[in-house]
Amino acid sequence: MVKYLIAVILVVTSSISLGAEFVAGKDYEVIKSNQGVEEIRGKVLVTEFFSFGCPWCYKVQESFADWVQENKAIVNLKEVPVVFNKDWEYYAKAYYAAKALNISQTMQPELFKAIINDKLQLNSDKSMMEFFVKHGVNDDTAKSAFYHSPSIDLSVKSGILLMSSNHINAVPAFVVNNQFKTDLQMAKTEKRLFEILDFLVAEAKKESLNNLPS
């Protein structure tokens, strides 16, 4: 009987410990987004806020890509380049230009490497245009993307509004289903960041199931 009671106490204590592992207001924030909860084909929306000018974004990018791949059955990824200063506005334009030209997979690593590792001054439309041309984009196409693209300019502005509405003040940051937000500063380590993301995705799925009509 005593052994049984000890076992029960250990199980309860363990459950409490696991449940309290991640704390709202410390490891993540509960947010009220005007975007509303999004669920696409049963997947949880995870929005990554980042910049090609952010060394920590570069550091976690490969691990985050692996995490997304591992969770592709339940996670729908959305990327938003943030603008904290004028240089980062050009980096945001480069992100949307690469996306519009369907070359994100090859250009994103090149942009990170050029800006973070090689310290290239890609902080003007001209320098970005030349960078894209150097990486195989037609001269007129690159010029159009950086000088004459209202859709790319609008995407940058929309990203800034989304950044503001989610109170993003440090990157990399992640918003899960427009309900929860965490970032590397709150997580403290890269390992804990992905553990928190696992926890928040599970919480979002749980809430989604609880809100199903009976």
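Going from the residue with the fewest nearby Cβ atoms within 10 Å to the one with the most, Phe131, Phe84 rank Phe84, Phe131.
Sorting Trp88, Trp56 by the number of Cβ atoms found within 10 Å of their own Cβ, with the fewest placed first, yields Trp56, Trp88. By the beta-carbon count within 10 Å of each Cβ, the least crowded to most crowded order of Val30, Val156, Val133, Val171, fewest first, is Val30, Val133, Val156, Val171. Rounded to the nearest 20 debye, the dipole size of the stretch 126-214 about its Cα centre is 140 debye, using +1 on the Cβ of Lys and Arg and -1 on the Cβ of Asp and Glu.
The magnitude of the dipole of the stretch 85-167, with charges of +1 and -1 set on the Cβ of Lys/Arg and Asp/Glu and taken from the Cα centre, is near 120 debye. Out of every Cα-Cα pair that the stretch 85-167 contains, those further apart than 21 angstrom amount to 24 percent. Of the cross-linked pairs Lys86/Lys113; Lys72/Lys119; Lys134/Lys188, those separated by over 29 Å at the C-alpha level are Lys72/Lys119; Lys134/Lys188. A DSSP coil position with no more than 16 other Cβ atoms inside 10 Å describes the following trypsin sites (Lys or Arg not before Pro) in the stretch 59-100: Lys72.
A short reminder: the numbers here are calculations on the coordinates, not readings from a lab. Note that this is a predicted model, so its numbers are computed, not measured. Every residue, glycine as well, gets a Cβ built from its backbone with ideal geometry; the counts of neighbours run over all protein chains shown.
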